[in-house]
Amino acid sequence: MGIISRYIAGAWLRMLLLCQAGFLAVYLILDFMEKFGRFMRAGASFWIIVQFFLFKIPEMVVQSMPFAVLMATLLTLGMFSRSSELTALRSCGLSIPRIVTPLLWLGLVCSLLLLLNAEFLVPHSYKRMEYVDKVLIKKKDRTAVFRLNNIWFRSNNLVLQAKFFDPQAVVLKGVTVWEVTRSMEPARRMDAERAVYGKNGWHLEKVRIRSFVSGTVPLQQVELQAIPLTLKVEDLRLLDNKADSLSFRELSDYAHSLQSGGYSASRYLTMMHAKLALPFGAFVMVVLGIPFALKTGRTAGVAKGVAIGVSLGFAYFIINTAVQSYGRSGVLPPLVAAWGANLIFVLSGIWLAMTVKQQ
């Protein structure tokens, strides 16, 4: 790397650190203000609160770094343009592609670091944050084991096991319910295609009941069976929200286990591909930010640069969320839904770059 490349990279990295620190500070302040009342009512100590937010930082970095990268690109090139440094570099025979090459490489490095963070740090830190929140702050007793592909829940003399939870239909699928005695000996086993939550609680559909008590019918088949479970739908919805914090490998294993069981896995396949697509949003932001900065850098002030960055960031977030929602519902193929927004913004950045060269 030459002197000029090191100078451009150094200026961009300093701006990135400043923007990233600013986004994290705003994120932490807003999140703290939202949760402060709940923490105080639960009697959480200062150190427990600090632990909660420390374990949340890796997740915050994944969500905020693409915006910080975009802002750093706009502001760095904007400052170079207003100070006539870009003009001086071009007068020395350096082309625009040569000048911005260090930024493209740095954007790619940021994407790779985000990918490693999302794959290895976020799942572990999320589990620690969840433990602090539920056990240390909310003082909840873990009577349920919620894993995406293996849900266990005990309610009085009933033990439920389900393959997975469909949050849109509020349905548990692949359900087995054991009725046990006080000595934990099985009295009945109920196998059902699914458990549906309604106004009167949980009901099993298409049930096969096996009784292990002498003097009763050993095998029965019924269409509908009510069960007095104390399982809350809110807890299961939180289970589905955990999927965003799983690694690519965990989501891949879960999606393939659903497919092997004959269930639709579009939702989790989209999340799986998004685990790779979202980190590369940082590189996409560099590709998009460069032409915007070159077109508006000389005339735009810092405030205008920030406004452009925020607008582009929100546009990327909205389009990415909308396209992925079609993938999760099965309208679009998961791969297309996960990478669609990146492709749209990369092509937009390339087109804008072509218009800059013509000026």
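The values are calculated or read from the model by the stated rules, or taken from the named source; none is laboratory data. From a predicted model like this one, the values you see are computed outputs, not experimental measurements. Cβ atoms come from the backbone with ideal geometry, glycine included; neighbour counts cover every protein chain shown.
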Would you be able to tell me the number of residues in segment 27-51 that are under 21 Å from M65 (Cβ atoms) and surrounded by 12 or more Cβ atoms within 10 Å (Cβ to Cβ)?
4
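Go through segment 84-110 and give me each residue that's surrounded by 21 or more Cβ atoms within 10 Å (Cβ to Cβ) and modelled with pLDDT of 90 or more.
Passing the criteria: V100, P102, L103, L106, G107, C110.
Suppose the filter is at pLDDT 85 or above and closer than 29 Å to I49 by Cα; does L160 pass it?
Details: at pLDDT 85 or above: yes; closer than 29 Å to I49 by Cα: no.
No, not satisfied.
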Are any residues in segment 63-83 in contact with a helix residue (DSSP H, G or I) (Cβ under 9 Å, 6 or more places away or on another chain) and surrounded by fewer than 22 Cβ atoms within 10 Å (Cβ to Cβ), and if so, which ones?
Q63, S64, M79, S81
Name the residues in segment 322-355 that are surrounded by 15 or more Cβ atoms within 10 Å (Cβ to Cβ) and either among the aromatic types (F, W, Y) or not assigned by TED's automatic domain parsing to the domain that holds V286 (or both), would you?
Y326, W339, F345
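For every residue, the table says whether it meets (1) touching a residue at least 24 places away in the same chain (Cβ under 8 Å); (2) surrounded by 13 or more Cβ atoms within 10 Å (Cβ to Cβ).
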position	(1), (2)
V177	yes, yes
S183	no, no
A187	yes, yes
D191	no, yes
A195	yes, yes
V207	no, yes
R210	no, yes
S214	no, no
Can you say whether A11 is more than 25 Å from the chain's Cα centre (by Cα), among the aliphatic types (A, V, I, L, M) and part of a helix (DSSP H, G or I), as far as the supplied structure shows?
yes
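Among the residues of segment 5-13, are any farther than 30 Å from L136 by Cβ, among the hydroxyl-bearing types (S, T, Y), without any contact (Cβ under 8 Å) to a residue 24 or more places away in the chain and surrounded by 13 or more Cβ atoms within 10 Å (Cβ to Cβ)?
Filtering segment 5-13 down to residues farther than 30 Å from L136 by Cβ leaves 5-13.
Filter again for among the hydroxyl-bearing types (S, T, Y), leaving 5, 7.
Subsequent filtering for residues that are without any contact (Cβ under 8 Å) to a residue 24 or more places away in the chain retains 7.
Going one step further and asking which of them are surrounded by 13 or more Cβ atoms within 10 Å (Cβ to Cβ), we end up with 7.
Yes, some residue in segment 5-13 is farther than 30 Å from L136 by Cβ, among the hydroxyl-bearing types (S, T, Y), without any contact (Cβ under 8 Å) to a residue 24 or more places away in the chain and surrounded by 13 or more Cβ atoms within 10 Å (Cβ to Cβ).
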